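Undergrad: The structure that follows is given in the form of structure tokens.
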Amino acid sequence: MKDILTAPFLTEMVRTASNMYAHGWDERNGGNISLMLEDAEVEEYLADAPVLRTLPTGFSAPELSGKTFLVTGTGKYFKNVEHDPAANLGIVRLKDGGQSAELLWGYTDGGQFTSEFSAHMMSHVARLKVDPMNRVVMHCHPGNLLAMTYVHDLDEKAFTRTLWQMCTECIVVFPDGVNVLPWMLCGTNEIGEATAEKMRTARLVVWSQHGIYGAGKDLDETFGLIETAEKAAEIYMKIAHLPLKNTITDAQMHLLEGRFGVKAREGYLD
Ligand code: 2HA
Ligand code: ZN
């Protein structure tokens, strides 16, 4: 059997966690990532792997029963993932309608999946219904997006329009916009369900005064989504206190739609 530490999905996960840490998005144990693996990948690296432990999930997700995920561990620091992937990451296969997870690899120091596992799995369910190619859910604490939730209206249309106006490429990268949850207690099924509900209409969901969730087909795309929104929030935080002299107009947004073949979220542009 092939060495799992050489698997592209694993090396890519390690690189992504390090990159997110380097961007300052994942202080201490902040942030978590889940990547749905393809059965063929699992077969190549983990065929006949014994079940190391069975972990209760505390929720049900029948749509994901039998699916396998590479997931960051609870309490683990993104800073450390590259130094010890097997302690900081785990591979779990959901069973019993999603109510339990079989550990196939990782969490070598007795740990388990992220405390936000329910938000991740419920978001996967929601995004897979919209896009069967969706494999990644990513959560982190980017400083400017977080700062923006203290000073900007939390109305989703207003929040999205502000971000679109901050960099020309925003509407091209996330034409579906950004959904926003008010402050909620993290690590609960309630915030998981609320996040998944928001994921039905956008791939980015802001958790006010906490951070952001992104979803996408692979790690690069999802990282890039968050990176672009965070860049826009950075511009906003640089200019919000200054008199605004110029912006990107709705007419210009429509030009971008035509040039790049995207359609802005219904009702968000005049
Ligand atoms: O895992 O970011 O939201 C640490 C967190 C919780
Ligand atoms: Zn968090």
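Undergrad: Do any helices (runs of 4 or more DSSP H) entirely within region 153-270 hold 2 or more residues that are closer than 30 Å to residue 18 by Cβ, and if so, which?
TA: Passing ranges, in order: 156-166, 170-173, 189-199, 219-239.
Undergrad: Shifting gears a bit: Could you say which residue among 14, 51, 42 is at pLDDT 95 or above and either within 16 Å of ligand 2 (Cβ to nearest atom) or out of contact with any helix residue (DSSP H, G or I) (no Cβ under 7 Å at 6 or more places or on another chain) (or both)?
TA: Step by step, each of 14, 51, 42 is checked, and only 51 is at pLDDT 95 or above and either within 16 Å of ligand 2 (Cβ to nearest atom) or out of contact with any helix residue (DSSP H, G or I) (no Cβ under 7 Å at 6 or more places or on another chain) (or both).
Undergrad: Have a look at 197, 156, 169 and point out the one that is away from ligand 2 (no atom under 16 Å from the Cβ), at pLDDT 95 or above and within 15 Å of the chain's Cα centre (by Cα).
TA: One residue alone meets the criteria, 197.
Undergrad: Sticking with this structure for a sec: What pairs come up if the first residue lies in region 19-33 and is surrounded by fewer than 20 Cβ atoms within 10 Å (Cβ to Cβ), the second is modelled with pLDDT of 95 or more and in a loop (DSSP other than H, G, I, E, B), and their beta carbons are under 7 Å apart, counting only those six or more places apart or on different chains?
TA: Taking only residues 6 or more apart or on different chains, the pairs are 27/141; 28/77; 29/75; 29/76; 29/77; 30/141.
Undergrad: Still on this structure, I have one more. Can you find a residue in region 146-156 that is of a type in the set (Val, Ile, Thr), surrounded by fewer than 21 Cβ atoms within 10 Å (Cβ to Cβ) and either free of Cβ contacts under 8 Å to residues at least 60 places away in the same chain or touching a Cys at 6+ places or on another chain (Cβ under 9 Å) (or both)? Give the derivation first.
TA: Within region 146-156, the first condition is being of a type in the set (Val, Ile, Thr), and the residues that meet it are 149, 151.
Then keep just the ones that are surrounded by fewer than 21 Cβ atoms within 10 Å (Cβ to Cβ); that gives 151.
The next check asks that each one be either free of Cβ contacts under 8 Å to residues at least 60 places away in the same chain or touching a Cys at 6+ places or on another chain (Cβ under 9 Å) (or both); those that pass are none.
No, region 146-156 has no match at all.
Undergrad: Which condition from (1) closer than 15 Å to residue 113 by Cβ; (2) more than 16 Å from ligand 1 (Cβ to nearest atom) is the one that residue 69 breaks?
TA: (2)
Undergrad: Right, here's the next one. For region 115-124, state whether one or more residues are under 20 Å from residue 213 (Cβ atoms), surrounded by fewer than 23 Cβ atoms within 10 Å (Cβ to Cβ) and within 16 Å of ligand 2 (Cβ to nearest atom).
TA: Within region 115-124 (the criterion being under 20 Å from residue 213 (Cβ atoms), surrounded by fewer than 23 Cβ atoms within 10 Å (Cβ to Cβ) and within 16 Å of ligand 2 (Cβ to nearest atom)), the answer is yes, since at least one residue qualifies.
Undergrad: Being free of Cβ contacts under 8 Å to residues at least 24 places away in the same chain and over 22 Å from residue 114 (Cα atoms) is the filter here; which residues of region 157-197 pass it?
TA: Scanning region 157-197 gives a single hit, 158.
Undergrad: For residue 225, all conditions in the list (1) closer than 23 Å to residue 149 by Cβ; (2) away from ligand 1 (no atom under 16 Å from the Cβ); (3) in contact (Cβ under 8 Å) with a residue 40 or more places away in the chain; (4) loosely packed, with under 15 Cβ neighbours inside 10 Å hold save one; what is the number of the exception?
TA: All conditions pass for residue 225, except number (4).
Undergrad: Next up: In region 157-176, is there at least one residue being within 14 Å of ligand 1 (Cβ to nearest atom) and surrounded by fewer than 24 Cβ atoms within 10 Å (Cβ to Cβ)?
TA: Checking region 157-176: not a single residue is within 14 Å of ligand 1 (Cβ to nearest atom) and surrounded by fewer than 24 Cβ atoms within 10 Å (Cβ to Cβ).
Undergrad: Looking at (1) modelled with pLDDT of 95 or more; (2) outside any loop (DSSP other than H, G, I, E, B), can you tell me which one residue 24 breaks?
TA: For residue 24, the failing item is (2).
Undergrad: Select from region 200-255 the residues that are within 19 Å of residue 125 (Cα to Cα) and away from ligand 2 (no atom under 16 Å from the Cβ) and list them in ascending order.
TA: 200, 201, 202, 203, 216, 217, 218, 219, 221
The values are calculated or read from the model by the stated rules, or taken from the named source; none is laboratory data. Here the structure is a predicted model, which means the values were calculated and not measured. Here Cβ is always computed from backbone atoms with ideal geometry, including for glycine, and neighbour counts include all displayed protein chains.
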